[in-house]
Amino acid sequence: MQAPILIGDHPLLAREQGRTLYPDWPDQLRESCIVAFRRDGSDPMTQDSRTFAELSSRLSPWEGHLLCRVLVHHPQSAVLYARIDVPGVEIHPFTMEGAWAESLLGPGGAVQLDGKGIGQDDDRCVRLVLFGMTPAAEALALQTLRTAHFPNYIRNHRLRTRITWVDPDALEGGRRFVARHKSLMDVSWYRFIDLQAESVRTHRPGLLPGAEEYVDVEWEFVQAQPWDALLKAKLDRWTRSGKWHVVVAFAYGQDGRNLEAFQYLENCTGAAQVLIHLEDDALAAAAGLKAIPFGMSAPFHRQFLRQRALAMALNSIYNQTARDGRTPASLDREEAERLWCSLAPTGRRASLDSIQCLGVKMRSLGLQEEDWTVLYGLDAESLDLLSQVEHNRWSVATLLAGFRAPTAEEQAAIDQDISLKPQYKAKGIHYDLRSYADLRDDEKGNDSRLYDMTITQCIPLIVHAVAGEDLSYD
């Protein structure tokens, strides 16, 4: 595979050693490139707009295929790149915080939120405790939404993954988070907790009458300082109860404050893993921490290439299923690449999100990634169970993307004429945002469960597509 050219002056590019580096824009782009400029003191979105304008001016129909990753400093700047519709051009915007989160919690990451796996009969839940309402903490929360979906929720809807956010300004920060992700939070459980005032306000999911819950993640926004005695006691209880598989992350915006909070709480954190955000490499090395430091630039592109290859295979399988109405028995690599190259950015993002959960599903069956061939003999009960997990994962990802479930009137209209489903989807209203048990036939007459079952049944086909692939650079 051709090594990417590096364009920009951001420190993360220094870790991609031995590559061609252009501190400013070169005259010509190459088939693979990473664009990463540091902020120049201006507003983050102003910097992002400047990078977008410069890149856009260099794009034209490509002979072959251009794969370009672009650093954005504000998450919402990623929407700029959805406007690019140039034949042969594939662009993936990313944030530095998102890259950290994926390297920590994503496939092959340093931390697996489920440990050795959470199966159907497990009574434990994952609990991510975040100290600080910062972009780094939010990226960890969003990455958790992509991965932490487990089959025990199917058995008992109270066994939800819980994300607990602790900050002195958690009530206001939580309200802003709820507003940013309204579609998801409208149908989720969440609580605002003020430890000093001893007040709790709970939001229940807003569902249609009689509808079953389908969001398997809940939230707490806890207004407190890390050295509050009551919080310290709660953290000690959470990490020792056996009810939770706890991962703690110190992600305040300052190295000193993260170290101070970590050192104060270290003796009471019996957490499975502790993460600490440190920008200073030397500080992390000298501190001798019993924690995993993050925040330093690290090589990240090869891991993305592997995930892209898996997503490409998954997208092809999904398309074959939609076309033929049945699960495919094989994968045409050339067709998979052709379909991927013509896919809209939202479709690529959906496929990349879907492969985030492959390892979690395998571990829930007591398997590791190297055991993937066992899945060829998956029994009907396990297939149905993991298909429900996949639907719950898809639901959260779709809500996070801004879609919402239909109102009673909109649902009735689509029930009367299923051909209206794509029209409502184009308006951001998705008919399939409902429980797995309540899924209906789609506009092609296929049972909508077929897509979840296909993705589950074809995990071996997806993994095999990458198993022998050389993703190293020439």
*Within the range 451-466, identify whether any single residue is surrounded by fewer than 17 Cβ atoms within 10 Å (Cβ to Cβ) and out of contact with any helix residue (DSSP H, G or I) (no Cβ under 8 Å at 6 or more places or on another chain), and answer yes or no.*
no
*asked:* Suppose we filter 398, 346, 373 for residues that are surrounded by 13 or more Cβ atoms within 10 Å (Cβ to Cβ), at negative phi and touching a residue at least 12 places away in the same chain (Cβ under 8 Å); which single one remains?
replied: 398
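Residues are listed down the side, and each one gets a yes or a no for (1) in contact with a helix residue (DSSP H, G or I) (Cβ under 9 Å, 6 or more places away or on another chain); (2) at pLDDT 95 or above:
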{"position": "195", "(1), (2)": "yes, no"}
{"position": "202", "(1), (2)": "no, yes"}
{"position": "266", "(1), (2)": "no, no"}
{"position": "269", "(1), (2)": "yes, no"}
{"position": "299", "(1), (2)": "yes, no"}
*Kindly check whether there is at least one residue in the range 418-436 that is over 25 Å from the mean Cα position of the chain (by Cα), hydrophobic (A, V, I, L, M, F, W, C) and assigned to a helix (DSSP H, G or I).*
yes
*Filter the range 250-277 down to residues that are of a type in the set (Ser, Thr, Tyr) and free of Cβ contacts under 8 Å to residues at least 60 places away in the same chain, then give me how many there are.*
2
*Taking residue 69 as meeting all but one of (1) touching a Lys or Arg at 6+ places or on another chain (Cβ under 7 Å); (2) in contact (Cβ under 8 Å) with a residue 60 or more places away in the chain, write down the number of the exception.*
(1)
*For the range 203-245, name all the residues that are of a type in the set (D, E, K, R) and touching a Pro at 6+ places or on another chain (Cβ under 7 Å).*
213
*In the range 299-317, is there at least one residue being in a helix (DSSP H, G or I), free of Cβ contacts under 8 Å to residues at least 24 places away in the same chain and surrounded by fewer than 21 Cβ atoms within 10 Å (Cβ to Cβ)?*
no
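The values are calculated or read from the model by the stated rules, or taken from the named source; none is laboratory data. What you are looking at is a predicted structure, and each value in this text was computed from that prediction instead of being measured. Here the Cβ is made from the backbone with ideal geometry for all residues, glycine too, and neighbour counts use every protein chain on show.
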